[in-house]
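Take a look at the structure below.
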Amino acid sequence: MIIASNFKTNYTRGSAKAFIQAIQAFIANTKSEQQVRIFAPFTALDRFDEVETLKVGAQNFYPVQNGSFTGEIGFEQLEEFGIQTVLIGHSERRHILKESQSLSAQKYDFAKARESEIIYCIGEPAEIRVQGIDAVMSYLWEQFEGIDISYDKLIIAYEPVWAIGTGLTASLEDIEEVLTRLRDKLCAPLLYGGSVKVENIETILHVNACDGVLVGTASWNENAFCEMIRIADNVKK
Ligand SMILES: O=C(CO)COP(=O)(O)O
């Protein structure tokens, strides 16, 4: 399964390095078979001695190799650190940073052309959720506009906006219903994100169509993140 941590705007260069090294040691000691991803801030990216199952990724990039885009990070700056996995379409970029679907699609095409693994995030806000599952699904399908769903390095993260950073996890029925409907049309691995923590990860991972989790807040504690990896190791699917 895929167990991913999104650091968001947390951790410094030093504290991120210590965290990543601790997770590397944990994976080596426990021989965990989980595919672990850590999305660190740009300033913390580096060449880490990655174990095969742990990749450090970028939370964002501008869809250029390099150029005149003041304040942005292109792929050249990611390649310096051997970054092979990126997040695209996170709800904080869509809603807070006002990124359009068309910019997400441009980023997607760019990362795909460079054969990067892509964790592509989708999710509906609360006002759509209250309208029921059909409204939720049509909102989610719109977030696939311009996205090549047949890309073999695509991973999809379903993160309901109202469950992110709020402590409100979607119910198991909600998660199962959405992931099953996505699974009908998509072959890519499916992750759930939104207030995942040590206390609920096991039941979420047992959802049939769920191939892993993308965790924010609860993963920012080294011991908790290790515990989540350990729990995933014990979930038989
Ligand atoms: O946004 C998320 C991961 O990308 C989820 O964040 P929380 O786990 O803090 O709800």
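The values are calculated or read from the model by the stated rules, or taken from the named source; none is laboratory data. Note that the structure is predicted; figures quoted are calculated from it, not measured. Don't worry about glycine lacking a Cβ; one is built from the backbone with ideal geometry, like all the others, and counts go over all protein chains shown. What goes into the accessible areas is simple: the full protein's heavy atoms, side chains included, and nothing from ligands, DNA or RNA. Shrake-Rupley method; radii C 1.70, N 1.55, O 1.52, S 1.80 Å.
Just a few scattered comments:
- Net charge over other residues, Cβ less than 11 angstrom from the Cβ of Gly165 (K, R count +1; D, E count -1): -1
- Accessible-area order (highest first, 1.4 angstrom probe) of the listed residues Met137, Met1: Met1, Met137
- The GluC sites (Glu not before Pro) of the range 125-219 meeting both criteria, a DSSP state outside H, G, I, E and B (loop) and at most 13 other C-beta atoms within 10 angstrom of the site's C-beta, are Glu145, Glu199.
- Each Cα pair under 8 Å and six or more residues apart adds its separation to the average, and for the range 2-234 the resulting relative contact order is 20 percent.
- Radius 12 Å from Cβ of Gln21, net charge of other residues (Lys, Arg +1; Asp, Glu -1): -3
- 15 Å beta-carbon shell around Gly132, net charge (K/R +1, D/E -1): -4
- When the Cα positions of Ile128, Val86, Ile118 are compared along the charge dipole of the range 2-234, Val86 comes out farthest toward the positive end, with charges on each C-beta of Lys, Arg, Asp and Glu.
- Rounded if a/c under 1.5, otherwise prolate or oblate - the chain, Cα gyration tensor axes: oblate
- For the range 1-112, size of Cβ-based charge dipole, Lys and Arg +1, Asp and Glu -1, in debye: 340 debye
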